[in-house]
Amino acid sequence: MSKKKVNPRRRPLSEADIPRIQDNAIHLAFVIFVSVLKDKFSFSNDEIVRAWVEADKLSEEVLKDGLVKLKDLMEVLHTEYHIDVMK
């Protein structure tokens, strides 16, 4: 019986990895959304920068500061603006 080789680069996530992964995921989502705003809706560069700054600020309040809950944001979008982003 031969023992299966283990990939040396494969390692379990540490707690230090989680914020980096969250930041990368948020950055990816922002880049995709900004690309759509620019390409499909012709937002000006100033509008893009303002939207980016506000979205970044809100993501900090949700993820790092805990001041805003994601569930509350989804509920407001649903009830006040009739935008369904519920999972």
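Any read-out appearing in this document is the output of simple, stated calculations on the displayed coordinates, not a laboratory observation. All of these numbers come straight from a predicted model, not from anything done at the bench. Note: ideal-geometry Cβ built from the backbone for every residue, glycine included; neighbour counts use all protein chains shown.
Odds and ends about this structure:
- Once the Cα atoms are used to define both axes, helix 17-41 deviates from the longest principal axis of the chain by about 40 degrees.
- Applying a DSSP loop filter and a limit of 14 other Cβ atoms within 10 Å to the trypsin sites (Lys or Arg not before Pro) in region 29-65 leaves K64.
- Restricting attention to the chain, the count of lysine pairs at 8 or more positions apart or across chains with alpha carbons under 30 Å apart stands at 15.
- Crossing angle, helix 45-63 versus the chain [Cα axis fit, 0-90 degrees, rounded to tens]: 60
- Across all Cα atoms of the chain, the radius of gyration (one decimal) and Dmax (whole number) stand at 18.7, 64 Å.
- CD proxy at 222 nm, helix term only [per DSSP H run n ≥ 4: -39500 (n - 2.57); per residue of the chain; nearest 500]: -22000 deg cm²/dmol
- Relative to the longest principal axis of the Cα atoms of the chain, the long axis of helix 70-81 makes an angle of roughly 30 degrees.
- Region 44-87 shape via C-alpha gyration tensor axes, a/c threshold 1.5: oblate
- Taking GluC sites (Glu not before Pro) across region 12-67, the ones in a DSSP loop with at most 16 further Cβ atoms lying within 10 angstrom of their Cβ are E15.
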